[in-house]
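Encoded as structure tokens, the structure appears first; notes follow it.
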Amino acid sequence: MRTPMIPGPSTITLDQESFKALASEVRVDILKKLDERRQTVTDLSGLLSLSKPTLLEHLEKLQAAGLVKRVDEGRKWIYYELSPKGKKLLHPEKVAIVLALSCTVTLAAIGVFLILAASFTTFLSPAMPTGNTSLGQVRTTPVAFGLASSPAGLGGIVALSLALTAGVAAVILAWVGKRRRERFFSEIAQA
């Protein structure tokens, strides 16, 4: 048995309406086109080589299932786009990607701040006197230069390393999501 690299649901649960809506290959093709960008009926008709009445019938079934929404902005054209439910069906990994990217930016900012703080304090600190200065027993301890020598510098390096790791995780999640979507559409086409 193969264990997924990234934990999460490997199956998608569909309600009866969504399952019925996805039973048609044409409706799956419509979802794929709407996943790229929102479209008018005329646009979809040209892309899928279907008549407008046929296309409208399929769009109504997708709307009834809650996978597509009709957007009337009071202008000449009426657009159709994926509803939030349709987006979640096609892109369940988006939340994890946004979280990983947010962590990347936050950790990178913290890392840069800590590294700058460490380098700023190291350059301003002269050799530190130690010992009893009143008796004339003064020794100087040189300040170590280098980022890893101070806690702030080391913290900055760790934060930047974690930021890089979170960024790589976001890329992996996007790749896994794309593969999952392709597999999802191929399984629907076979059903």
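Coordinate-derived values only; no laboratory data. Everything numeric here is computed off the predicted structure, so don't read it as measured data. Here the Cβ is made from the backbone with ideal geometry for all residues, glycine too, and neighbour counts use every protein chain on show.
Given axes a ≥ b ≥ c from the Cα gyration tensor, I'd like to know whether segment 16-89 is rounded (a/c under 1.5), prolate (a/b larger than b/c) or oblate. Since a/c reaches 1.5 but b/c is at least a/b, the shape of segment 16-89 is classed as oblate. Full extension of the segment from Asp15 to Arg70, taken as 0.36 nm per residue of separation minus the current Cα-Cα distance, would add 17.7 nm.
Work through the residues other than Ala65 whose Cβ is under 14 Å from its Cβ and net out their charges, Lys, Arg +1 and Asp, Glu -1. Charge balance near Ala65 sits at +4.
Listed by chain and number, the lysines whose alpha-carbon sits under 28 Å from that of Lys88, ignoring those within fewer than 8 places in the same chain, are Lys20, Lys32, Lys33, Lys52, Lys61, Lys69, Lys178.
Among the trypsin sites (Lys or Arg not before Pro) found in segment 33-117, those both in a DSSP coil and sparsely packed, with 13 or fewer other Cβ atoms within 10 Å of their Cβ, are Arg37, Arg75, Lys76.
The ranking of Thr104, Thr40 by Cβ neighbour count inside 10 Å, starting from the fewest, reads Thr40, Thr104.
For segment 16-89, the residue among His58, Val28, Val71 whose Cα projects farthest onto the positive side of the dipole built from Cβ charges is Val71.
Ranking of Val41, Val105 by neighbouring Cβ atoms within 10 Å, starting from the fewest: Val105, Val41.
With a cut-off of 12 Å between beta carbons, the residues surrounding Leu34 carry a summed charge of +3, where Lys and Arg count +1 and Asp and Glu -1.
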